[in-house]
1. Assuming residue 311 fulfils every condition listed in (1) surrounded by 22 or more Cβ atoms within 10 Å (Cβ to Cβ); (2) at pLDDT 75 or above; (3) in contact with a strand residue (DSSP E or B) (Cβ under 7 Å, 6 or more places away or on another chain) apart from one, which condition is it?
2. Exactly one condition in (1) in contact (Cβ under 8 Å) with a residue 24 or more places away in the chain; (2) exposed (fewer than 14 other Cβ atoms within 10 Å of the Cβ); (3) at negative phi is not met by residue 555; state its number.
3. Considering only segment 428-454, state which residues are in contact (Cβ under 8 Å) with a residue 60 or more places away in the chain and not in a helix (DSSP H, G or I).
4. Can you work out which of the residues in segment 469-508 that are touching a strand residue (DSSP E or B) at 6+ places or on another chain (Cβ under 8 Å) and in a helix (DSSP H, G or I) is farthest from residue 536 (Cα to Cα)?
5. Could we say that residue 582 is in contact with a strand residue (DSSP E or B) (Cβ under 9 Å, 6 or more places away or on another chain), assigned by TED's automatic domain parsing to the domain that holds residue 398 and modelled with pLDDT of 90 or more here?
6. Collect the residues in segment 55-75 that are under 18 Å from residue 37 (Cβ atoms), in a loop (DSSP other than H, G, I, E, B) and either at pLDDT below 80 or touching a helix residue (DSSP H, G or I) at 6+ places or on another chain (Cβ under 9 Å) (or both), keeping them in residue-number order.
7. Is it true that residue 383 is at pLDDT below 75, touching a helix residue (DSSP H, G or I) at 6+ places or on another chain (Cβ under 8 Å) and over 30 Å from residue 594 (Cβ atoms)?
8. All but one of (1) over 30 Å from residue 571 (Cβ atoms); (2) surrounded by fewer than 18 Cβ atoms within 10 Å (Cβ to Cβ); (3) over 42 Å from the mean Cα position of the chain (by Cα) hold for residue 466; state the number of the condition that does not hold.
C-alpha cells in the first residue's frame, strides 16, 4: 500500500491508550507530514487520522513512521469502537505481564527474607527472580524509553527505565522490581480506565438491532440486515423489539422508549404519522413503519459518528496538560542530574545517597497521574452527556458551556413547539364553541395547511364530530368556503373579512387586539354575519419558562431571541418565556450580525436553533447548539452540541455538567502536582524511598481516574 492519497488516511493504532503514545506518534509523524495540524488522534477509539492532501508522500511512508514507534497499525474498518478481533495475548498482554512482574518480585523478596541472614548481599536466586519481575514490568516500556533517549526527548518511559536501572546498579534489587511492577500496574490502570470509557461510548453501537422485518411487495415478511432496507420500505416492529431504522408510523400505535436517543426517561406515545428513531424500543403495540433514512444516515448512525469523531477534538485543559508535560519531563531529568552531581562534587556528599535521591525524584516526578487525569475526565463527561440526550461533538466543547454569559435563541421550534395550536375559540352572534369548531373543521378537513391541521386536531381533541363540507372551494391566499347542512359558510383571514365587507368596528377592535398579542386569527362566518374567531399561536414549549429561569440562576447574563417572525408575535412569546431581549423580522445574515454583536459584548456566547436558516449563526457563535430531534440536518451538522430530546431544560443541565467537569479536571491537576511537590520536598530531606514514590504516584493515578469516572454518573 504505497499509493499517494488525497483522502485522509484512517488507521487503527493498537496500544494507543494515552497521551504518551500520542506523543510518540507525533514525534515520528510530524517530520513526515510537515505539521501537527494534519494529524487527528482519537485515543478513545484508538484511531489516527492523517491528512495527506497536497503532500508528496505515500501511505507507506506513514506506516513506516508508525512502525518506528513500536506501535502496530491497520486500516480503519469503518467501526467507531475498538475491534474485538484481537488474540488473547493482545487483549490481556498488559495484565499478564503486570501479574508476572508482581509475583516474581514478591517471590524474590520472600526468598531474600528466608535466605542466609549472615550476609547483606542479595541471594542469586532472589536476583534472578527480581530480574524476571523487572523484565516483565518493563518489556513494553524499554523500547519506547530507548527511542526517547536516542531522540533526546525524555518521556515517562525513560524516567521509569532510568530509575529501575539505577536501582539495580546500586544493588537495590527489591526497589527496582517494585518500581517496575507499580509502573506496569499504573499503565494497566490507565488502559482499564480508557477501556471503561470506551465501553460507555461503545454501548451506543449496540443499540441498533441486527435484523429488520421487511415487508415485500407481495405482503410477505422477511428478515434482512438494516443496511439492506431501501428508503421508503415498510418494516414491521413487534412488541418489545428495537426499531431498526428511522421512519414514520404508517399503521399501529404504541409507546416507544426513546431514552437511548433523546434521554427522555418516560416512553413517548406514538401513533400513525409519528416519527420514530432507530435504536429506540417499541412498547406493547405492533407497528408498521415506512423508513425515511438509510441505515448509515439514521439519527443513531449520526450520533455514533459524531461521538466517534469527538475523541479527536481535545479540550483546552488536555492541550495545556500535554504542553506542560512536554516541558516538565525534560526539566525533571535536568534537576535529577543536578541532584546527583552537585552535592557530591560541591559539598562532598556520598555518591550512593545522592544517586538514590535522584532516582526517587525521577520516579515521583513521572507525570502519569497528571497526563491521564484530563482525557479520562473529558471522555467520561462526553459519555454522561450522551446518556442524558446531549450530544457533545468533542472535548473542546465540554468546557465552553461553563463560561457562557449570553445565549441567543431562535423562536420557532426552539422556544416554541414549531406548530400552531388553537389558543382560544370566540363564538359570536348566537353560536357556541362546539358549533364554531365543527363549522371550521368541516371547511379545513381536507387541507394540509398547518392552521387547518391545528383546527381539525382541536375539534377531534374535544371529540366534536367533523364531516367534510359540500361544494368546498379554496379561496387562494385568503381562506375557503363550502356548504354545511345546506347553508353556506366561509373561513378566512382578517383581510378576507374586510374584502367581504362584513367587518364592524367592534369586530375590528377585537381582531386588532388579538393580532397585537401575537395570535393568528381565523374568522368564521356566513352570508349573514361573523360566527366567531378561532385564535392560534405557536405555543411555547412546556419547559421553556423554567429553562430560561434556570439559565439566569446559572449565571447567564442575557438570553436573547433572534427570529424572522413579526415583532408582535416575537414580543408576546418573549414576555411569556422571560426573554431579556428580542430581535424580530431577521434574515439569516441578520442573525449572524446579531450573534457577532453579542460575542463582542460577552465573549462567550451560545446560539441555539433548529432550522437551516439558523446554521450560519450557529457557526458564528462561540458555541452552537441544535435541537436534535426536530432540527434540520444542516443545523445539527453545524452545531457543536445537539439536544437530542428538543428539551431546553437540558441547557441549564449542560452548563452545570460543564462546570462540574471543569472542576474535576482542576481538582485532578492540582492534586497530581501537590503530590509531586510533597515528595520532592521529602526527597531533598531524605525521607522518601523508591517504592514509596511509585506507590504515591500510582495512588495519585488511581484517585484522579476514580475522580474523573465519577462524571459517568452525572
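1. (2)
2. (3)
3. Within segment 428-454, 428, 429, 431 qualify.
4. So the residue we want is 500.
5. Numbers: in contact with a strand residue (DSSP E or B) (Cβ under 9 Å, 6 or more places away or on another chain): yes; assigned by TED's automatic domain parsing to the domain that holds residue 398: yes; modelled with pLDDT of 90 or more: yes.
Criteria met by residue 582.
6. Of everything in segment 55-75, those that are under 18 Å from residue 37 (Cβ atoms), in a loop (DSSP other than H, G, I, E, B) and either at pLDDT below 80 or touching a helix residue (DSSP H, G or I) at 6+ places or on another chain (Cβ under 9 Å) (or both) turn out to be 55, 57.
7. Working: at pLDDT below 75: no; touching a helix residue (DSSP H, G or I) at 6+ places or on another chain (Cβ under 8 Å): yes; over 30 Å from residue 594 (Cβ atoms): yes.
The answer is no for residue 383.
8. (2) is the only condition that residue 466 fails.
The values are calculated or read from the model by the stated rules, or taken from the named source; none is laboratory data. In this text, all values refer to a predicted model and were calculated from it rather than measured experimentally. With ideal geometry, Cβ positions are generated from the backbone for all residues, glycine too; neighbour counts draw on all protein chains shown.
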